[in-house]
Amino acid sequence: MATEIKQTTRAQESTNAIERLYITMRHLLNRGFYKPSGVSGNALRSALLLLRPEIYGTVAEEKAELNGLIYVLERLPNGIEECRFINLTSDEGYSKSHLVPIVPPKRRRNCYRIDDEQMNIEITRGRSDIYDILTHLTFLFIESGKICKRVLVDEGSATIRDWDKLTSFVLSEEKGDDEREVALIHAANILGRTFDEVVEIQNKLATPESPDQFLNVIHWLGKLAIEEETTGNKRTITFSPLLRERLGHHIHGERWADMIKQTLKDNNLLHRPLHIISANMHSVMNSLFAKKALAKEFPNTNSLEVFEALSAAKNKNLNKKVKSAAEKNGMLFLDDTSGANIDVQIFDTAKFGMGTCCYDLPEGISEEQKPVIFVMDYAFGEQAYETIDELLKPFEQGDQKWFLNVDSVSIMGKAGILEGGKGDLMIPSAHIFEGTADNYPFHNELCASDFEGNGLKVLEGAMVTVLGTSLQNKDILRFFHESTWNVIGLEMEGVHYQKAIQSASQIRKSIKKDVKVRYAYYASDNPLETGSTLASGGLGTTGVKPTYLITDRILKQIFNS
């Protein structure tokens, strides 16, 4: 009797697509270059279209994907759509040239427009940065191809009237509101979208300096694809030899860690109990000092009102007042110059003035026992391993060696939730590395009961560390959530942090074996709900409450340890 062959599920197809993307990107990196319209570029495009990531919405359909386009443009340098040549480099000294770095709004990476046709992007945060960029570029090339397909007629020898009119507007010097509206109508026809949808995206992307950014992007995406089709001038992505040589060698992480350990030594803090927190650059500082520093402005100390006010862009003076109070009471701010793009704050609790801090240390504690709180800005993907691995190594100068007295490592941040909504909490008990057999169970000092009664949903369970936020879809995430893995959320750094901590504490023995670890995340999106992905917009003030609840719980444990 013939054996019944099981149909491949959508989740299995998606897993295969992610693996193909991952392997292809690593191959291209080793090779040194590829052309998006060539065999390798088509392999990336086919895998991404098979995966159909939730964050890229309608990328596999004929009509243009507009929310995904905004998401991608916020993470790539301004003007990249105009460049035929994109070069991924290491830190190779461009900062010393006349070129002004272009930093994308939602990704900390230095990019340099070399000339009209070339954009260089510095990679200092490891392979995760490369996967992120290549995935976003592949999305742009897919959308670019859609425009080309819709505007070329007569076997590629002519373009449709809508395209000619859009091009005429983009190239014209005088642009009134009426002409802009007409151009948007033509753009809507080209993109297969309604006029309302196109106007909404135009308003989101417009800036005072570039009121027609959306129309310019559409024009250049179409223009380069049309030229590629009609003249054979291919777009090319290259990886510099120095980048390929340096990748994986922790060059920036080592510089970053050495700078920090030298600062600790200079301030006689190397021997003191050290509590490492990976977080943003405001919540720990604000939690420690804001309610006391702003007591006149906000007399209700039990309210989140002070933190909501501090998160508003208009209240810069309030932020300055809190920062000033922190600096007067032992806070050191290290502006990162290592290339890692991770800023640092060091809080010496022995220098906290009477009545300035919102938390109290146990009575009778000596100066030597008072903790030092070290806050590092968020790492990106694999960079989490590079930075923490280097930080937890002993500090060596000549024949001398100092071991850090690390008491705890706390990781807080945003993650995708698989059951719940934006702002809800996730407390992991293990990290699972997607696509590998690497699993990291651990004892989390935080638990769900720590956050009960705050009006937020709190989930406890395993979390999956993914290769990239763009490399997911509902099918694979639903499998993780509904199978025996019982995954509650997804993020990009957990495995890498835990791998570094376990290596240092249990293998290298450079820190104590019983180092405490704390992980807590709040939901930035729910990729299983249409319209609730990262491409649908940020958290706004929704993120204030979970951010400060987690920070408060971490600080209470540190001060009472």
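Considering only the stretch 81-93, I want to know if a residue exists there that is under 20 Å from the mean Cα position of the chain (by Cα) and either in a helix (DSSP H, G or I) or under 30 Å from Leu171 (Cβ atoms) (or both).
The answer is no, given that none of the residues of the stretch 81-93 is under 20 Å from the mean Cα position of the chain (by Cα) and either in a helix (DSSP H, G or I) or under 30 Å from Leu171 (Cβ atoms) (or both).
State yes or no: is Glu19 at pLDDT 90 or above and surrounded by fewer than 19 Cβ atoms within 10 Å (Cβ to Cβ)?
Considered against the rule, which asks whether it is at pLDDT 90 or above and surrounded by fewer than 19 Cβ atoms within 10 Å (Cβ to Cβ), Glu19 comes out as no.
Search the stretch 217-252 for residues being within 30 Å of Gly381 (Cα to Cα) and basic (Lys, Arg), and hand back the single one that is farthest from the chain's Cα centre (by Cα).
Only one residue fits best here, namely Arg235.
Please determine whether any residue of the stretch 432-441 is in contact with a Lys or Arg (Cβ under 8 Å, 6 or more places away or on another chain) and not hydroxyl-bearing (Ser, Thr, Tyr).
Scanning the stretch 432-441 turns up at least one residue that is in contact with a Lys or Arg (Cβ under 8 Å, 6 or more places away or on another chain) and not hydroxyl-bearing (Ser, Thr, Tyr).
Could you identify the single residue in Leu76, Leu48 that is open to solvent by less than 70 Å² (accessible area, probe 1.4 Å), among the hydrophobic types (A, V, I, L, M, F, W, C), within 20 Å of Gly145 (Cα to Cα) and part of a helix (DSSP H, G or I)?
Being open to solvent by less than 70 Å² (accessible area, probe 1.4 Å), among the hydrophobic types (A, V, I, L, M, F, W, C), within 20 Å of Gly145 (Cα to Cα) and part of a helix (DSSP H, G or I) holds for just one of Leu76, Leu48, which is Leu48.
For Ile365, only one of the following conditions fails: (1) over 28 Å from Glu92 (Cα atoms); (2) under 29 Å from the mean Cα position of the chain (by Cα); (3) of a type in the set (Val, Ile, Thr). What is its number?
(2)
Taking Lys422 as the residue in question, decide whether it is assigned to a loop (DSSP other than H, G, I, E, B), open to solvent by 20 Å² or more (accessible area, probe 1.4 Å) and over 22 Å from Gln502 (Cβ atoms).
Answer is yes for this residue.
Tell me which of these Lys175 doesn't satisfy, since it passes every other one: (1) within 19 Å of Thr230 (Cβ to Cβ); (2) in a loop (DSSP other than H, G, I, E, B); (3) open to solvent by 40 Å² or more (accessible area, probe 1.4 Å); (4) in contact with a helix residue (DSSP H, G or I) (Cβ under 9 Å, 6 or more places away or on another chain).
(1)
List every residue pair whose Cβ atoms sit under 8 Å apart, with the two residues 6 or more apart in sequence or on different chains, where the first one lies in the stretch 436-463 and is over 22 Å from Asn526 (Cβ atoms) and the second, anywhere, is open to solvent by 60 Å² or more (accessible area, probe 1.4 Å).
Once the first residue is over 22 Å from Asn526 (Cβ atoms) and sits in the stretch 436-463, its partners that are open to solvent by 60 Å² or more (accessible area, probe 1.4 Å) give Asp438/Lys499; Tyr440/Lys499; Glu445/Lys516; Cys447/Glu460; Asp450/Arg553.
How about the stretch 144-168: which of its residues are hydrophobic (A, V, I, L, M, F, W, C) and either under 30 Å from Ser90 (Cβ atoms) or surrounded by fewer than 19 Cβ atoms within 10 Å (Cβ to Cβ) (or both)?
Matches in the stretch 144-168: Val153, Ala158, Ile160.
Are there any pairs, at least 6 apart or on different chains, whose C-beta atoms fall under 7 Å, with the first in the stretch 531-554 and farther than 22 Å from Ile373 by Cβ and open to solvent by 60 Å² or more (accessible area, probe 1.4 Å) and the second among the acidic types (Asp, Glu) and at pLDDT 95 or above, and if so, which?
none
Determine if the stretch 497-519 includes at least one residue that is on the phi > 0 side of the Ramachandran plot, exposed (fewer than 15 other Cβ atoms within 10 Å of the Cβ) and more than 24 Å from the chain's Cα centre (by Cα).
yes
Could you tell me whether the stretch 123-143 includes any residue that is open to solvent by 60 Å² or more (accessible area, probe 1.4 Å) and part of a loop (DSSP other than H, G, I, E, B)?
Checked the stretch 123-143: no residue is open to solvent by 60 Å² or more (accessible area, probe 1.4 Å) and part of a loop (DSSP other than H, G, I, E, B).
Considering every residue within the stretch 8-27, establish whether at least one is more than 30 Å from Pro241 (Cα to Cα) and of a type in the set (A, V, I, L, M).
Checked against the condition, which is being more than 30 Å from Pro241 (Cα to Cα) and of a type in the set (A, V, I, L, M), the stretch 8-27 yields at least one hit.
Would you say Pro36 is under 30 Å from Glu209 (Cβ atoms), buried (at least 22 other Cβ atoms within 10 Å of the Cβ), in contact with a Ser or Thr (Cβ under 8 Å, 6 or more places away or on another chain) and in contact (Cβ under 8 Å) with a residue 24 or more places away in the chain?
Yes; evaluated as a whole, the condition is true for this residue.
With at pLDDT 95 or above, touching a Ser or Thr at 6+ places or on another chain (Cβ under 7 Å), buried (at least 18 other Cβ atoms within 10 Å of the Cβ) and not in a strand (DSSP E or B) as the only criterion, which of Ala183, Ala188 stands out?
Result of the check over Ala183, Ala188: Ala188.
Inspect all residues belonging to the stretch 404-417 and state whether any of them is modelled with pLDDT under 95, open to solvent by less than 10 Å² (accessible area, probe 1.4 Å) and over 28 Å from Ser338 (Cα atoms).
yes
Scanning for something part of a strand (DSSP E or B), open to solvent by 20 Å² or more (accessible area, probe 1.4 Å) and under 19 Å from Gly421 (Cα atoms), does the stretch 460-477 turn up at least one residue?
Yes, there is a match, as at least one residue in the stretch 460-477 is part of a strand (DSSP E or B), open to solvent by 20 Å² or more (accessible area, probe 1.4 Å) and under 19 Å from Gly421 (Cα atoms).
Looking at the stretch 181-227, which of its residues are over 16 Å from Leu69 (Cα atoms) and in contact with a Gly (Cβ under 9 Å, 6 or more places away or on another chain)?
Within the stretch 181-227, Ala225, Ile226 meet the criteria.
If Ile476 meets every condition in (1) in contact (Cβ under 8 Å) with a residue 60 or more places away in the chain; (2) out of contact with any helix residue (DSSP H, G or I) (no Cβ under 6 Å at 6 or more places or on another chain); (3) β-branched (Val, Ile, Thr) apart from one, which number is that one?
That leaves (2) as the condition not met.
Mind listing just one residue for me: the one in the stretch 270-296 that is loosely packed, with under 15 Cβ neighbours inside 10 Å and not aliphatic (A, V, I, L, M) and, of those, modelled with the lowest pLDDT?
Only one residue fits best here, namely Lys296.
For the stretch 92-121, which residues satisfy the criterion of being free of Cβ contacts under 8 Å to residues at least 60 places away in the same chain and buried (at least 21 other Cβ atoms within 10 Å of the Cβ)?
Passing the criteria: Asn110, Cys111, Met119, Asn120, Ile121.
The values are calculated or read from the model by the stated rules, or taken from the named source; none is laboratory data. Not measured: the values here are computed from a predicted model. Cβ atoms come from the backbone with ideal geometry, glycine included; neighbour counts cover every protein chain shown. Keep in mind that these areas ignore ligands, DNA and RNA; they rest on the heavy atoms of the full protein, side chains included. Shrake-Rupley method; radii C 1.70, N 1.55, O 1.52, S 1.80 Å.
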